[in-house]
């Protein structure tokens, strides 16, 4: 189990901090390891700068990944690629090129099926290795956007379980598809929050399960992503550290919008009733929605040392510098949480639609190990160190100290 990260170009941390392995390396390794099949899900695909009429050396890694995937069918390795309808507007030819090279490609019309989008981002290689994280199949995810995910190698039980989710998307990618009610038994899982997968490796014992959304795509045996998040928050005893791009206690995309306080209430309850210490690192870039600010201020206003209530919120602001010509970049795209008990790595932002009508997955990991092993091998500890690195970095700004930040849309609210 390995933490994977993308740190954008021109972003430097102080020495002696924890990093995940580079996302580009992880993806290249998975391509080179493949012997039978590669199945990839992404909200959208855009691995070259040409897609946005941009000539940039920053897309070289994206081009390498695309070339690596293109070559797989000629080695008799099956490639299946999934993307969403509707999706963001680009002139991407990735899927067309992959199809020409022998890959199978489908677009799932989540808008027609459930009113949302396919927002999951994961790989399954040979039904043995998996990647789950925040990164879309986008060259910017490799060099211009801060991403976080996890690769689990040689775990066929987990890979086969994720494959069931992949298959549910794949069959719904047919033009005449309609949602089954209930899902056939072959989509059921034996791995969930009640019966996690038990794994032991290098003296680290892990309990793992996959959560999914939306409910209409999950058999009753699958733990829902929202339920996983709420249970993790409710079971934390000492601290909850959250890093997400977007946080709204509302829906965002349906009309009219609705108040949706489930996660917000759980955080407030943990802080007030159980005195769990909360730290939240929310992304702010040029494309962030300034309407997020009052909700964050409301949450932060509960912070009261006198009452023993601790809710600290910082905005993570990546410097844009001379990268102004690259749209939808220079942002912290992470979607994870780490507590004193659990590590959670997901694909969804924290607002209502992502758990009601949008496809996402979350990987929940709880680990135990002897102290020396824990310090060097536990992914849960590593994720905590990555959070601390970002929290104490020059890019994290206290909500109360926001002032004018040229690279953060919330500072203009």
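Just so it is clear, none of the values below were taken in a lab; they were calculated from the coordinates. These numbers come from a predicted model, not from an experiment. Please note: Cβ atoms are built from the backbone with ideal geometry, for glycine as well, and neighbour counts cover all protein chains shown.
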| request: Please give the peptides 374-381, 69-76, 142-149 ranked by average Cβ packing (other Cβ atoms within 10 Å per residue), highest first, as a rough proxy for protection. | output: 142-149, 374-381, 69-76
| request: Note the listed values (i) 23.4, 80; (ii) 20.3, 66; (iii) 32.3, 102, then indicate which one is Rg and Dmax of the Cα atoms in Å calculated from this particular structure. | output: (ii)
| query | Dividing the alpha-carbon radius of gyration of segment 272-413 by 2.2 N^0.38 Å (N being the number of residues), what value is obtained? | reply | 1.16
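Taking the number of other C-beta atoms within 10 Å as the exposure measure, put 401, 126 in order starting with the fewest. Before the final figure, lay out the partial values.
Details: 401 9, 126 18.
Lowest count first: 401, 126.
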| query | Taking a label point 7 Å from the Cα of residue 154 along the Cα→Cβ vector, which residues of segment 105-126 have an amide N closer than 20 Å to it? | reply | 124-126
| said: For Cα pairs less than 8 Å apart in space and 6+ apart in sequence, what is the mean separation divided by the residue count of segment 1-135, i.e. the relative contact order in percent? | reply: 27 percent
| message | Just to be sure I understand: with springs between alpha-carbon atoms less than 10 Å apart, which residue in 47, 95, 179 has the highest mean-square fluctuation in the Gaussian network model of the chain? | response | 179
| field | Stretchable slack from residue 195 to residue 13, in nm (0.36 nm times residue separation minus alpha-carbon distance) | value | 61.6 nm
| Sites residue 71 and residue 221 - FRET efficiency at Förster radius 30 Å, r taken between beta-carbons, to 0.05 | 0.20
| At 25 °C and 0.890 mPa s, what whole-number value in µm²/s does Stokes-Einstein give for the translational diffusion of segment 148-202, with Rh from the Kirkwood sum over Cα pairs? | 183 µm²/s
| request: Provide the packing ranking of 198-211, 181-194, 31-44, i.e. peptides ordered by the mean count of other C-beta atoms within 10 Å per residue, highest first. | output: 31-44, 198-211, 181-194
| Extension gain from residue 176 to residue 57, taking 0.36 nm per residue of separation minus the Cα-Cα distance | 38.7 nm
| message | Compute and list, largest first, the equivalent-ellipsoid semi-axes of segment 177-299 from the alpha carbon gyration tensor, each √(5λ) rounded to a whole angstrom. | response | 29, 23, 14
